[in-house]
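For reference, the structure discussed in these notes is given below.
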Amino acid sequence: MVDKHVVITGGAGFIGSYLTGQLLHEGYHVTVVDDLLYGGESLLSYLPNELFHFVKADVCESRAIRASIRSDWAKPQAVIHLAAIAGFPTCQSVGRLVAWRYNVESTQHVFEQTEALGVDRFIYLSTYSNYGLSADGEPVTEETPLNPQSLYAETKVASERYLLAQTEGSTCAPMIFRPTTLYGLSPRPRFDLIVNQFVFDAYIRRKLMIYQRGYSRSFVHIADAVHGIILGLQSPVESIRGQVFNVGAERGNLTKDQVVKLILKRLPETRIQYKDITFGGNMRDISVSFKKIQDELGFKAKYSVDDGVREILHALQDGLIREPSDPRYRNARFIVQ
Ligand SMILES: NC(=O)c1ccc[n+]([C@@H]2O[C@H](COP(=O)([O-])OP(=O)(O)OC[C@H]3O[C@@H](n4cnc5c(N)ncnc54)[C@H](O)[C@@H]3O)[C@@H](O)[C@H]2O)c1
C-alpha cells in the first residue's frame with residue numbers, strides 16, 4: 001500500500017494545526033511548511049510522531065515546497081494551501097504589496113511546484129468574505145457573483161481566479177473551499193475571530209461593543225471546517241477538479257445580535273453597547289447556502305455556535321489558556337467584526 005502523504009502550508013496556524021492533528025490521527029504522513037509568523041508551539045506535540053515532518057520556510061519563495069519534500073516518503077497526494085495573511089485587519093496593516101505577495105503570489109508559486117511534483121490535487125482555502133454584500137438578501141451560493149469589500153477578500157478572489165484558470169489542461173486538480181468565519185479552539189487559538197472574540201470580551205472585560213448589530217454573518221466550528229477539508233481530500237479527484245464549495249452550517253447564519261443572545265445566556269452580567277459605525281471596506285451582510293457541499297461531498301456540520309460559546313468559555317473559566325490577551329492569539333492589533 002502506498003503511504004498517504006499530504007503537504008500543508010500554514011500548518012502551524014489556527015486551521016492548519018488542527019488539520020495536521022486530524023490527518024496524523026488518520027494515518028497520513030504530514031509535511032508542514034510554515035514560516036511561523038505567530039510561533040510554532042501549536043506543532044510541538046507532533047514532533048515525536050514519525051509521520052510528521054516540519055520545514056520552516058516562506059512559501060513565497062519559489063522553491064519552498066519542492067525543497068520540503070522528503071525523498072524517503074511517498075509523493076504527496078495533495079497540497080493543502082492555508083498559508084496566508086489571514087483576515088481583513090491583518091491585510092490592512094501589512095498593506096497591499098505584502099498582502100498580494102503572501103496571498104496571491106504564494107498561491108501561484110505553491111501551485112506551480114505542486115504541479116511540477118506530479119501531485120494531482122491542490123486544495124485552497126479561500127473565504128466567504130469574497131461574496132461581500134448579498135444583493136437580494138437571498139443566501140449566497142457558489143454561483144453568486146463575488147463582490148469583495150476588503151483587500152483580504154480581493155487577494156482571495158485573485159487566487160481563486162488564478163487557480164480556476166489552471167483547471168483545464170493541468171495535471172493537478174485545484175479545488176476551492178470558501179469557509180465562513182470559524183470559531184472554537186485549536187492548538188493555535190485565535191481570539192480575533194468574532195465568536196471567540198465576543199466570548200473573550202464578555203468573560204474577561206465583562207462588556208461587549210457591537211457594531212452593525214443587525215448584520216448577518218455566518219459561522220462554522222473549526223472541527224466541522226476541518227472535516228469538510230478532509231472530505232475534499234478523500235473525494236475522487238475528477239469530482240472536485242475546479243470545484244468551489246462553501247463550508248459551514250445553515251444554523252451558523254446568524255446576526256451579531258443573535259450571537260450576543262447566545263453569550264448573554266451564559267454570561268448574563270455582560271454590559272452590551274451598540275455603535276452604528278461601519279468598518280471601511282468590511283461591509284458584509286450575508287447568509288450562505290451549503291447545499292452543494294452537503295449534496296456533493298456528503299458534508300454535515302456537527303456543532304452550533306452555542307456549542308462553541310460553551311467550549312471557549314470553559315477554556316477561559318478553567319484557565320486552559322494562561323494569558324488569552326497575549327498578542328500571539330491575534331493576527332492584528334485592531335479587530336473588526
Ligand atoms: N480562520 C477563519 O475563520 C478562516 C475563514 C476562511 C478562510 N480562512 C483561510 O484559511 C487559511 C488559514 O487560516 P487560519 O485561521 O489558520 O490563519 P492563521 O493566521 O492562524 O494561520 C496562517 C499560517 O500561515 C503561516 N504563513 C503565512 N504566510 C506564510 C508564508 N509566506 N510562508 C509560510 N507560512 C506562512 C503563518 O505562519 C500561520 O501559521 C487562510 O488562508 C485563511 O485566509 C480562515
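Remark: Trp100, Trp73 ranked as Trp73, Trp100, counting other beta-carbon atoms within 10 Å and listing the fewest first. Taking the chain as the reference, fit the longest principal axis to its C-alpha atoms, fit the long axis of helix 14-25 to the helix C-alpha atoms, and give the angle between the two in degrees, 0 to 90, nearest 10. Approximately 50 degrees, to the nearest ten. Counting only lysines at least 8 places from Lys75 when in the same chain, those with an alpha carbon closer than 25 Å to its own are Lys4, Lys56.
When peptides 241-251, 56-66 are sorted by average Cβ neighbour count within 10 Å, with the highest value leading, the order is 241-251, 56-66. The gain in end-to-end length when the Arg66 to Leu36 segment is fully stretched comes to 8.9 nm, 0.36 nm per residue minus the alpha carbon separation. Computed extension gain for Ala135 through Arg206, at 0.36 nm per residue and net of the alpha carbon distance, reaches 22.0 nm. In the chain, the longest principal axis of the Cα atoms and the axis of helix 106-116 are about 30 degrees apart.
A simple spin-label model places the labels of His25 and Ala165 4.0 nm from each other, with each point 7 Å out along Cα-to-Cβ. Shape annotation for segment 25-92: C-alpha extents along the principal axes are 41, 28, 19 Å, from largest to smallest. For the chain, a crude dipole built from +1 on the beta carbon of Lys and Arg and -1 on the beta carbon of Asp and Glu, taken about the Cα centre, is about 1020 debye to the nearest 20. With the convex hull drawn around the C-alpha atoms of segment 211-272, the volume per residue stands at 99 Å³.
With all projection directions averaged, the alpha carbon convex hull of segment 148-269 covers 9.3 nm².
Which of the lysines could a cross-linker bridge to Lys207, judged by Cα under 24 Å and excluding same-chain residues fewer than eight apart? Within the straight-line limit of under 24 Å, Lys207 reaches these lysines: Lys256, Lys261, Lys265, Lys275. Cβ crowding within 10 Å, taken as a proxy for footprinting-reagent exposure, orders Met209, Met175 from fewest neighbours to most as Met209, Met175. The orientation-averaged projected area of the convex hull spanned by the Cα atoms of segment 44-163 comes to 9.3 nm². Our Cα-only numbers for the chain put the radius of gyration and Dmax at 19.2, 59 Å. The calculated 222 nm mean residue ellipticity attributable to helices in the chain amounts to -9500 deg cm²/dmol, summing -39500 (n - 2.57) over DSSP H runs of n ≥ 4 and dividing by all residues. The charge dipole of segment 28-154, taken about its Cα centre with unit charges on the Cβ atoms of Lys, Arg (+1), Asp and Glu (-1) only, comes to about 400 debye.
Every number in this text was worked out from the coordinates using simple rules, so none of it is lab data. Since the model is a prediction, treat every value here as computed from it, not as a measurement. When we count neighbours, we look across all protein chains shown, and the Cβ atoms used for this are built from the backbone with ideal geometry, even at glycine.
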